[in-house]
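Q: So that we are looking at the same thing, I have put the structure below in structure tokens.
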Amino acid sequence: MLLVWTVAGLLISPTAWSEIQVRVSFKVIRGPNGEFPDNRNTIGVTGLNLNSEQVIRDNLTFTNDMLRRRGSPIRLFLRDNTIYNVTGQAVPWFTRTARSTANKNNLEATATASAAARATWSWHDDSINIYLNDTRSGVCSFPSGGRSAIFIGAGGYRELLIHEIGHFYNLAHTHAGDNDGELENWTDGDGFSETLDDDPDASAADINARYAAETQEKRNDLIFNIMSYHLPQDRFVWQQTQEFVETANNERGVQTSGEGLFVRSDGSNFNNGKTYGGRVRTLERAVSLSNSSNDVILIRGRLDVPDGTVFTKPHVWMKWRSTALIE
Ligand SMILES: [Ca+2]
Ligand SMILES: [Ca+2]
Ligand SMILES: [Ca+2]
Ligand SMILES: [Zn+2]
């Protein structure tokens, strides 16, 4: 048997994994003397001071490793493998509160006001434009607002970037506000049944106690959810991945390379597969609709393939272009 596996292994050509690539154009707003943002007032148990280019690059690697470990098809890529600097804008932008929708919107208006402004601010329409300054936490644009900037301060936490990018791809918080130090309003902030009702003030122990009848896995899907206020974080649930990918396929297609194609036995091959509601019926159709080596296939619910195999658990195929040998 060992020999069979070895020979089979040699016959399979190495094929890169397909990944939905999110382009990040990361800009550092430099201080009055050209200094890098630096803020030791970080957030929570995973606090991170984004005070150097290396810290930012390491954080992107950390984020991609986290996504990979959880089977997510989403990966972050630095546009042109570059971290851009914005100079001469320290007043007022170096110290203007990043966690403010009004400030973020003013920043986007300033950076896109003219061709000269776009150059000064390294604004790139083909990417998520993220601006870092010396303040704390951050805020993101939802697709419905018609804007696309993310504004963050150096005083952050290691999951801040992927949390804000989740908003960029239309993911809401697991809670609906009520960050008031009291545990009295558990709400369904995201409309997803796969995340339990949440209060941002809850600890892991509070969640475990409240939902004692649920499985630990379901509780953990809230305790460690990237779109919650609980730390540390490590996951999106399937419904969040689906919403992220649908948004990447449609409203946020410009900032993303590669699509997710949805397939299930009750779909229709007249659909384009770009949403779960518009899923196709067969794998063959999903494959024929693919036009990029970054495309992945998302399967939720029952899918029969010609050799009689039946898939029922939600999963993502990221290496479907290579020969799979199952014995
Ligand atoms: Ca500082
Ligand atoms: Ca509360
Ligand atoms: Ca929910
Ligand atoms: Zn948020």
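Q: In this structure, does Gly308 turn out to be modelled with pLDDT of 95 or more, part of a loop (DSSP other than H, G, I, E, B) and either of a type in the set (Gly, Ala, Ser) or more than 22 Å from Arg75 (Cβ to Cβ) (or both)?
A: On the way: modelled with pLDDT of 95 or more: no; part of a loop (DSSP other than H, G, I, E, B): yes; either of a type in the set (Gly, Ala, Ser) or more than 22 Å from Arg75 (Cβ to Cβ) (or both): yes.
Here the answer is no, as Gly308 does not meet what is asked.
Q: Of the conditions (1) at pLDDT 95 or above; (2) outside the structural domain of Arg99 (by TED's automatic domain parsing), Ser13 clears all except one; give me its number.
A: Result: Ser13 fails condition (1) only.
Q: Same structure again: Yes or no: segment 132-141 includes at least one residue that is within 15 Å of ligand 4 (Cβ to nearest atom), under 19 Å from Asp190 (Cα atoms), in a strand (DSSP E or B) and open to solvent by less than 20 Å² (accessible area, probe 1.4 Å).
A: Initially, segment 132-141 is screened for residues within 15 Å of ligand 4 (Cβ to nearest atom), giving 136-141.
With the extra rule that they be under 19 Å from Asp190 (Cα atoms), the set shrinks to 139-141.
After this cut, where a residue has to be in a strand (DSSP E or B) as well, the list is 139-140.
Keeping just the survivors that are open to solvent by less than 20 Å² (accessible area, probe 1.4 Å) gives 140.
Checked segment 132-141: at least one residue is within 15 Å of ligand 4 (Cβ to nearest atom), under 19 Å from Asp190 (Cα atoms), in a strand (DSSP E or B) and open to solvent by less than 20 Å² (accessible area, probe 1.4 Å).
Q: If a residue has to be out of contact with any strand residue (DSSP E or B) (no Cβ under 8 Å at 6 or more places or on another chain) and among the small types (Gly, Ala, Ser) to count, how many in segment 92-132 make the cut?
A: So the first thing to find is which residues in segment 92-132 are out of contact with any strand residue (DSSP E or B) (no Cβ under 8 Å at 6 or more places or on another chain), and the list is 92, 102, 105-106, 109-110, 112-119, 125.
Okay, now just the ones that are also among the small types (Gly, Ala, Ser), so 102, 109, 113-117, 119.
The qualifying residues number 8.
Q: Name the residue, out of His124, His175, that is more than 15 Å from ligand 4 (Cβ to nearest atom) and either in a loop (DSSP other than H, G, I, E, B) or of a type in the set (A, V, I, L, M) (or both).
A: Details: His175 fails: more than 15 Å from ligand 4 (Cβ to nearest atom).
Checking each option against the conditions leaves just His124.
Q: Go through Ser127, Ser52, Ser18 for me and flag whichever is open to solvent by less than 60 Å² (accessible area, probe 1.4 Å), closer than 29 Å to His315 by Cα and at pLDDT 95 or above.
A: Values: Ser52 fails: closer than 29 Å to His315 by Cα; Ser18 fails: at pLDDT 95 or above.
Going through Ser127, Ser52, Ser18 in turn, the sole match is Ser127.
Q: Do you know which residues across segment 192-204 are more than 18 Å from the chain's Cα centre (by Cα) and either more than 9 Å from ligand 2 (Cβ to nearest atom) or among the acidic types (Asp, Glu) (or both)? Break it down into steps so the answer makes sense when it comes.
A: As a first pass, look at segment 192-204 and keep what is more than 18 Å from the chain's Cα centre (by Cα): 193, 196-204.
Listed by number, the residues that qualify are Ser193, Leu196, Asp197, Asp198, Asp199, Asp201, Ser203, Ala204.
Q: Out of everything in segment 265-292 that is aliphatic (A, V, I, L, M) and crowded, with 17+ Cβ neighbours inside 10 Å, what residue ends up being farthest from Glu19 (Cα to Cα)?
A: Of segment 265-292, the ones aliphatic (A, V, I, L, M) are 280, 283, 286-287, 289.
Subsequent filtering for residues that are crowded, with 17+ Cβ neighbours inside 10 Å retains 280, 283, 286, 289.
Values: Val280: 20, Leu283: 18, Ala286: 16, Leu289: 16 Å.
The extreme case among them is Val280.
Q: Condition first: at pLDDT 95 or above, exposed (fewer than 12 other Cβ atoms within 10 Å of the Cβ) and not assigned by TED's automatic domain parsing to the domain that holds Asn291. Can you find one or more residues in segment 99-110 that meet it?
A: The initial filter retains those residues of segment 99-110 that are at pLDDT 95 or above, namely 99-110.
If we keep only those that are exposed (fewer than 12 other Cβ atoms within 10 Å of the Cβ) too, we end up with 102.
Subsequent filtering for residues that are not assigned by TED's automatic domain parsing to the domain that holds Asn291 retains 102.
Yes, segment 99-110 contains a residue that is at pLDDT 95 or above, exposed (fewer than 12 other Cβ atoms within 10 Å of the Cβ) and not assigned by TED's automatic domain parsing to the domain that holds Asn291.
Q: Mind checking which pairs have a first residue in segment 32-50 that is in the same structural domain as Thr61 (by TED's automatic domain parsing) and a second that is within 16 Å of ligand 3 (Cβ to nearest atom) and not hydroxyl-bearing (Ser, Thr, Tyr), Cβ under 8 Å, 6 or more apart or different chains?
A: Thr46/Gln233
Q: Shifting gears a bit: Evaluate the following for Asp201: is it within 30 Å of Asp38 (Cβ to Cβ) and either assigned by TED's automatic domain parsing to the domain that holds Arg40 or within 16 Å of ligand 4 (Cβ to nearest atom) (or both)?
A: On the way: within 30 Å of Asp38 (Cβ to Cβ): yes; either assigned by TED's automatic domain parsing to the domain that holds Arg40 or within 16 Å of ligand 4 (Cβ to nearest atom) (or both): yes.
Against the criterion (within 30 Å of Asp38 (Cβ to Cβ) and either assigned by TED's automatic domain parsing to the domain that holds Arg40 or within 16 Å of ligand 4 (Cβ to nearest atom) (or both)), Asp201 qualifies.
Q: Determine if segment 240-247 includes at least one residue that is among the acidic types (Asp, Glu) and within 16 Å of ligand 4 (Cβ to nearest atom).
A: Step one: of segment 240-247, the residues among the acidic types (Asp, Glu) are 243, 246.
Adding the requirement that they be within 16 Å of ligand 4 (Cβ to nearest atom) leaves 243.
For segment 240-247, residues among the acidic types (Asp, Glu) and within 16 Å of ligand 4 (Cβ to nearest atom): present.
Q: Pairs please, first residue from segment 181-209 and in a helix (DSSP H, G or I), second anywhere and open to solvent by less than 60 Å² (accessible area, probe 1.4 Å) and away from ligand 4 (no atom under 16 Å from the Cβ), Cβ atoms under 8 Å, 6+ apart in sequence or on different chains.
A: Ala204/Ile223; Ile207/Leu196; Ile207/Arg219; Ile207/Ile223; Asn208/Arg219; Asn208/Ile223
Q: Counting only residues that are farther than 21 Å from Gln233 by Cβ and touching a strand residue (DSSP E or B) at 6+ places or on another chain (Cβ under 8 Å), which one in segment 31-61 is nearest to ligand 2 (Cβ to nearest atom)?
A: Arg40
The values are calculated or read from the model by the stated rules, or taken from the named source; none is laboratory data. Just so it is clear, the structure is predicted and the values come from calculations on it, not from any experiment. Methodologically, a virtual Cβ is constructed for each residue, glycine included, from the backbone with ideal geometry; neighbour enumeration extends over all protein chains shown. Accessible surface is based on the protein model in full, side chains and every heavy atom, while ligands, DNA and RNA are left aside. Shrake-Rupley method; radii C 1.70, N 1.55, O 1.52, S 1.80 Å.
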